[in-house]
Each structure stands twice: as structure tokens, then as C-alpha cells.
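Participant: So that we are looking at the same thing, I have put the structure below in C-alpha cells.
The values are calculated or read from the model by the stated rules, or taken from the named source; none is laboratory data. Since the structure is predicted, the reported quantities are computational estimates derived from the model, not experimental observations. So basically every Cβ, Gly included, is an ideal-geometry build from the backbone, and we count neighbours across all protein chains shown. With ligands, DNA and RNA removed, areas are computed over all heavy atoms of the protein, side chains included. Shrake-Rupley method; radii C 1.70, N 1.55, O 1.52, S 1.80 Å.
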Amino acid sequence: LGDEHFGEGLALVDDRLLQLTWRERVVLSYDTSLAAPDTLEFPSDGWGACYDGETLWTTSGGSVMFARDPSTLASTGQLRVERGGSAVFQVNELECVGEYIYANVYQTNDLIKIDKMTGEVVAAWDLTMLVPPELSGAVEEVPNGVAYDPGSDTFFLTGKWWPVMYRVRLVE
């Protein structure tokens, strides 16, 4: 990306990649050639995105996930993320897997599993042991990337500026 965009959440929607931008309030829409993207207006800061085959889910750094029409980006609903009755803030990068959405919680080492019907956190993992030792303790050097591989039922996890990526199987 050029200096004019700060790239955030990325989701494959049918044959297009949709990339949220942090504060520019646009979504970059790429076709399979990855040529210059189309630019679509977006109503908020973009943090995380995932597509479950029907709905594009997005976050903007709060405790709410937005359900969106993947073609128009119009909001079709919202879901407050809660853990034990309390809102979970800074819900960041998203990965849709079946009836759940996995998300990292920014500025923590937490990865959470969210029921996409209720917004309730149904499982959580502390990823502290994955933080590279040379980055431990730095505020922004936390887990910040999650992708699912259905072929192996594993997740790829990484963080901001991390020189490594891990393949893990999450056990509840």
C-alpha cells in the first residue's frame, strides 16, 4: 500500500479481496490480478474483517462487530462482544470459522472465540508464550493476525512487526 493508506482487516469475499483501512474510511477491493484496487467508502475506522460465506463481519476497535452486506458494505446488524456479561473492547483482527468468529483483543495477548449468534466469548487463549522474546513487553507487539486453514484444522498466528508466524491447533 502507498503511504496514503494504513491497511488493516483483509477478507476474501467470493473472487475479491476486501481490505479495510484504519482511519481513511475506505475499503480497497482487489480482483484476482491484485491490480490497482477499486476504492469503496466505509463508515468507520477499519480494524478487522472476515467473511463467513454470507456476511462480512467488521470491527472498528470497540466491543461491537458489525454484520455487513458484502456487496454494498451496508450494515445489516451488529453484535456486542461480551465475556461473562462484560463488554470486550478492542476486538481486532477477525477470522470466521463455522458458527464462530475468532479475534485477537488488541494490546493484550488474548485470542477469543465468539459465538456469532450471541456475541458471547465461548473460549479464550493466552498467547503470551508466542510473543518473540525480543518483543516481549512492547505495547504494540502483541498477537495481531489470525487465519484459519480448514485443510489441517489449524490457525496461523502472528503479531504486529513479528518476524515469525506460528501454525497452531487450538484446544478448548
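Participant: Work out from phi, with θ = phi - 60° and the Karplus expression 6.51 cos²θ - 1.76 cosθ + 1.60, the ³J(HN,Hα) of each residue of the range 155-172, listed in order in whole Hz, and give x for Gly and Pro.
Facilitator: Whole-Hz 3J(HN,Hα) from phi for the range 155-172: 10, 9, 10, 8, x, 4, 6, 6, x, 9, 9, 10, 10, 10, 10, 7, 10, 8.
Participant: Let me ask something else about it. Measuring from label point to label point, each 7 Å out along Cα→Cβ, what is the residue 126 to residue 40 span in nm?
Facilitator: In this crude label model, residue 126 to residue 40 measures out at 4.0 nm.
Participant: Residues with amide H under 5 Å of residue 63's amide H, sequence separation 5 or more or different chain, H placed in the peptide plane at 1.01 Å from N; which?
Facilitator: 90
Participant: Sequence-distant or interchain residues sharing an amide H contact under 5 Å with residue 138, placed H: which?
Facilitator: none
Participant: With +1 on the Cβ of every Lys and Arg and -1 on the Cβ of every Asp and Glu, and nothing else charged, how large is the dipole of the range 64-172 about its Cα centre, in debye rounded to the nearest 20?
Facilitator: Charge dipole, the range 64-172, about its Cα centre: 140 debye, nearest 20.
Participant: Also, I was wondering about something else. Check residue 170: other-chain or 5+ apart residues with amide H under 5 Å from its amide H, H built from backbone geometry?
Facilitator: Under 5 Å from the amide H of residue 170: 155.
Participant: A further question on this structure: Could you derive backbone 3J(HN,Hα) for the range 74-79 from the dihedral phi with the Karplus parameters 6.51, -1.76 and 1.60 (θ = phi - 60°), listing whole Hz in sequence and x where the residue is Gly or Pro?
Facilitator: Residue by residue, the range 74-79 yields 5, 5, 10, x, 8, 9 Hz.
Participant: Which of 86, 117, 127 sits farthest toward the positive end of the charge dipole of the chain, with +1 on the Cβ of Lys and Arg and -1 on the Cβ of Asp and Glu?
Facilitator: It is 86.
Participant: I need the calculated FRET efficiency for the pair residue 33 and residue 4, taking r as the beta carbon distance and R₀ as 22 Å, to the nearest 0.05.
Facilitator: Calculated transfer efficiency: 0.55.
Participant: Can I ask one more? What accessible area, in Å² to the nearest ten, does a 1.4 Å probe give for residue 52?
Facilitator: 50 Å²
Participant: What value in Å³ per residue do you get for the convex hull of the alpha-carbon atoms in the chain?
Facilitator: About 126 Å³ per residue, rounded to a whole number.
Participant: Give the share of C-alpha pairs in each 10 angstrom bin for the range 40-136, from 0 to the last occupied bin, in whole percents, shortest bins first.
Facilitator: Going out from 0 Å in 10 Å bins, the range 40-136 shows 16, 49, 26, 8, 0 percent.
Participant: Give the residue from 20, 65, 30 lying farthest towards the positive end of the charge dipole for the chain; charges sit on Cβ (+1 for Lys and Arg, -1 for Asp and Glu) and the dipole is referred to the Cα centre.
Facilitator: 65
Participant: Can you give me the accessible area per residue for the chain, using a 1.4 Å probe, in Å²?
Facilitator: 52 Å²
Participant: Under the rule that an exposed site lies in a DSSP loop and has at most 16 other Cβ atoms within 10 Å, name the longest stretch of the chain with no chymotrypsin sites (Phe, Trp or Tyr not before Pro) of that kind, not counting the sites themselves.
Facilitator: In the chain, the maximal stretch lacking such sites is 90-160.
Participant: In a shell of Cβ-Cβ distance under 9 Å around residue 57, excluding residue 57 itself, what net charge do Lys and Arg (+1) and Asp and Glu (-1) give?
Facilitator: +1
Participant: At 0.36 nm per residue, minus the direct Cα-Cα distance, what do residue 69 and residue 165 gain on full extension? Give it in nm, one decimal, please.
Facilitator: 31.5 nm
Participant: Rounded to whole Hz and in sequence order, give me ³J(HN,Hα) for the range 82-89 from the Karplus expression 6.51 cos²θ - 1.76 cosθ + 1.60, θ = phi - 60°, writing x for Gly and Pro.
Facilitator: 10, 10, x, x, 10, 5, 9, 9
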